[in-house]
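J.: Sharing a structure, written as structure tokens. Questions coming.
None of the figures in this text is laboratory data; all of them are computed from the coordinates on show. On a predicted model such as this, the values are computed, not experimentally measured, just so you know. For neighbour counting, all protein chains shown are included, and Cβ atoms are generated from backbone atoms with ideal geometry for every residue, glycine included.
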Amino acid sequence: RASSTKSWLWHQRLSHLNFDTINDLASNDLVAGLPKFKYHKEHLCPSCEQGKSKRASHPPKPVPNSRQRLHLLYMDLCGPMRIDSINGKRYVLVIVDDYSRYTWVHFLRSKNEAPEVIIKFLKRITVLLQSPVIIIRTDNGAEFKNQVLKVYFDSVGISHQMSSVRTSQQNRVVERRNRTLVEAARTIKPDISFLHVFGALCYPKNDREDIGKLGAKSDIGFFIGYSADSCAYRIYNRRTKKIM
């Protein structure tokens, strides 16, 4: 058996190689010049602890913690995206229900919109599903850790849990969903069937007035663009001289 001094000497000579490998080299005569001793690690090596440190693994969670919908919601804000949306939005707020894994996605222009959007969402979803939100889990971002949300959570009895700093695994459900959404967006095949030539002649249906039995059921219009607020076209009506 090698002395403590000799064990650590060879550990340092071999660029801080782990002791199991050093013993394999010595016992199997794989290298020349290494004495055939049993080398022991009697204490921690400061250089190895600093240079080889790594995080403990986080085991997967096969079964959700929740037993009912809205019991636990995961939230995360993704962005800013490199390219703005057609409405100038660069951030994506992702909300995942732990029980059902149902996902809601909201697009924001800035992080400052997050508290207002979250509060509106919580009010709407609790009424829609007739079930209270018990726990919300987020990271430590300022968009979640602020006085506006704290006051609201306290007023409705929601418990706000935050993951540890630089430990996204604790919020892994929504983090993984973020990755899924981004990968899906990258692989979407663009659909350009809705594109039309500016000024193209069209005939919008006249369903807003009493046109009578023999009146024209459509007006003459011209395509001028796309709606920024809904899935619709913008058309100039020649008869009413208005943009629809």
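J.: Just name one of C78, S47, L14: the one whose Cα is farthest towards the positive end of the charge dipole of the chain (beta-carbon charges, Lys/Arg +1, Asp/Glu -1).
T.: Positive-end residue among those listed: C78.
J.: With both partners inside region 105-244, how many of the DSSP beta bridges are antiparallel, as a percent to the nearest 5?
T.: Details: 10 of 14 bridges.
The antiparallel fraction comes to roughly 70 percent.
J.: Among G33, G141, G221, which one moves the most in a GNM of the chain with springs linking Cα atoms closer than 10 Å?
T.: Judging by the Gaussian network model, the answer is G33.
J.: Then there's this: Just name one of G88, I119, I220: the one whose Cα is farthest towards the positive end of the charge dipole of the chain (beta-carbon charges, Lys/Arg +1, Asp/Glu -1).
T.: Final value for the positive-end residue is I220.
J.: Pull the list of the chain cysteines that no other Cys approaches to under 4.7 Å, Cβ to Cβ.
T.: Cys with no partner Cβ under 4.7 Å: C78, C202, C231.
J.: Quick one: grab the alpha carbon gyration tensor of the chain, order the square roots of its eigenvalues as a ≥ b ≥ c, and give me rounded if a/c is under 1.5, else prolate or oblate depending on whether a/b is larger than b/c.
T.: Numbers: a/c = 4.11, a/b = 2.44, b/c = 1.68.
Here the chain falls in the prolate category.
J.: While we're here: With both partners inside region 72-187, how many of the DSSP beta bridges are antiparallel, as a percent to the nearest 5? If you can, show how the numbers build up before the last one.
T.: On the way: 12 of 19 bridges.
The antiparallel fraction comes to roughly 65 percent.
J.: Further question: Give the peptides 173-179, 12-18 in descending order of average Cβ contacts within 10 Å, highest first.
T.: On the way: 173-179: 17.6, 12-18: 12.6.
The packing order, highest mean first, is 173-179, 12-18.
J.: Within the chain, which complete DSSP H helices have Cα atoms spanning at least 24 Å along the helix axis and a mean Kyte-Doolittle hydropathy of -1.0 or higher? If you can, show how the numbers build up before the last one.
T.: Values: long enough: none.
In the chain, no H run is both long and hydrophobic enough.
J.: Relative contact order for the chain: what percent, with Cα pairs under 8 Å and sequence separation of 6 or more? Working shown, then result.
T.: On the way: 301 pairs, mean separation 27.0, N = 244.
Relative contact order comes out at 11 percent.
J.: Can you give me the long-range amide H partners of N206? Hydrogens built in the peptide plane at 1.01 Å from N, cutoff under 5 Å, separation of 5 or more residues or another chain.
T.: S218, D219
J.: Determine the percent antiparallel among the DSSP beta bridges restricted to the chain, to the nearest 5.
T.: Working: 22 of 29 bridges.
The answer is about 75 percent antiparallel.
J.: Anyone know which of L195, L128, L44 comes out most mobile in the 10 Å Cα GNM of the chain?
T.: L44
J.: Against the empirical 2.2 N^0.38 Å scaling, what ratio does the C-alpha Rg of region 121-244 come to? Can you show the working numbers first?
T.: Details: Rg = 24.5 Å, N = 124, 2.2 N^0.38 = 13.7 Å.
Cα-based Rg divided by the globular estimate yields 1.78.
J.: Once the cut-off is 11 Å, how many percent of the Cα-Cα pairs in region 115-156 end up in the long-distance tail? Mind dumping the intermediate values first?
T.: Numbers: 582 of 861 pairs.
Everything past 11 Å amounts to 68 percent.
J.: Now for a different question. Rounded, prolate or oblate: pick one for region 105-177, where a ≥ b ≥ c are the square roots of the eigenvalues of its C-alpha gyration tensor, a/c under 1.5 means rounded, and failing that, prolate if a/b is larger than b/c, else oblate. Write out the running numbers ahead of the final one.
T.: On the way: a/c = 1.42, a/b = 1.33, b/c = 1.07.
Taking the square roots of the gyration eigenvalues as a ≥ b ≥ c, region 105-177 is rounded.
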